[in-house]
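Data block below; observations after.
Here, each number is a calculation from the coordinates, and none is a lab measurement. Worth saying up front: this structure is predicted, and the values here are computed from it rather than measured. So basically every Cβ, Gly included, is an ideal-geometry build from the backbone, and we count neighbours across all protein chains shown.
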């Protein structure tokens, strides 16, 4: 399979590049100076000039709080929204399959149960709104895409919660982490592995929810990092209202993983296992 991979320098994209290469696939990985996805003419020319079977889009403007800034918001709308529509149009017109990643932030977090693919979206921040716009521009019938929503992503080659907390645990006697937001951590290696399984199995195209199995609060996530790193720092509970942040976060980011598990024949491994692998093998 010949795969065009966008965003290969980022946290998710770098792991995709690693895993796709290990799996023996031929990879095209244009950098931003070679292909700017917000430039419609560049995207169209790239599709005309390069033969490939699948486009995997790991690009995204993911600075959640910065999206609330009036100067930064247009960047997010272009990258997370309009550009996705361009990629989708070019894939559909040329008969290529598209793999695209979205977020739990398309939901408002008020549901008491895990979110299913069929649940109504209602983002509570600009980042979620821009990602939902990309979804809407992508989801045209018949489906020619794997649209994978995920949550609480961590991995090498990028800023993430695990790296931040691991650093604080080394330097602080006490940190406070919220208990009133729950979700499922997702390791980039497992997320990419799921996308590859969908492609390899030629699973039904469409929307999937994927995260590592199980769920926790941000405080519980930090507590597990503390245990695995052997830190003596106190991880104290607190509530979201204590932290003033530009972007509101959903209280419930849990996903129902039934559809994803059925598509690949197994449930994802538990988040604690993925976290341990990351901390012991990849986090420097």
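A few remarks follow.
- Taking 88, 205, 195 as the candidate residues, the one with maximal mean-square fluctuation in a Gaussian network model of the chain, Cα springs under 10 Å, is 205.
- Rounded D (µm²/s) - the stretch 243-284, Kirkwood Rh over Cα pairs, Stokes-Einstein at 4 °C, 1.567 mPa s: 96
- Acute angle (nearest 10 degrees) that the helix 11-22 long axis makes with the longest principal axis of the chain, alpha-carbon atoms: 60
- Cβ-Cβ FRET estimate between residue 261 and residue 161, R0 fixed at 25 Å, reported to 0.05: 0.55
- Value of relative contact order over the chain, rounded to a whole percent, pairs C-alpha under 8 Å and six or more apart: 20
- Shape metrics for the chain, restricted to C-alpha atoms - Rg then Dmax, Å: 18.6, 57
- Here the calculated FRET efficiency for residue 197 and residue 42, from their Cβ-Cβ distance with R0 = 45 Å, stands at 0.90, rounded to the nearest 0.05.
- Residues residue 33 and residue 171, FRET efficiency given R0 of 51 Å [Cβ-Cβ distance, rounded to 0.05]: 0.90
- One quarter of the convex hull surface built on the alpha carbon atoms of the stretch 83-130 amounts to 4.1 nm², the projected area averaged over directions.
- GNM flexibility winner over the chain from 155, 206, 109 (Cα, springs under 10 Å): 206
- In this simple spin-label model, placing a label point 7 Å from the Cα along the Cα-to-Cβ direction at both residue 110 and residue 63 gives a separation of 3.1 nm.
- Span per principal axis, largest first, for the Cα atoms of the stretch 1-120 (Å): 45, 33, 27
- Cα shape, the stretch 56-212, gyration tensor, a/c 1.5 rule: prolate
- Nearest 10 degrees, 0 to 90: helix 83-94 Cα axis against the chain principal axis: 40
- With contributions of -39500 (n - 2.57) from each DSSP H run of at least four residues, the per-residue ellipticity at 222 nm computed over the chain stands at -11000 deg cm²/dmol.
- Pairs of alpha carbons in the stretch 14-60 separated by more than 17 Å make up 36% of all such pairs.
- Over all pairs of different C-alpha atoms, the stretch 73-157 has a mean inverse distance whose reciprocal, the Kirkwood radius, equals 13.7 Å.
- Between helix 218-229 and the chain there is an angle of about 80 degrees, using the helix long axis and the longest principal axis of the Cα atoms.
- Working note: Cα gyration tensor of the stretch 198-284, eigenvalues times five, square-rooted, sorted largest first, giving semi-axes of 30, 20, 11 Å.
- The largest-to-smallest principal axis extents of the Cα set in the stretch 111-165 are 41, 29, 21 Å.
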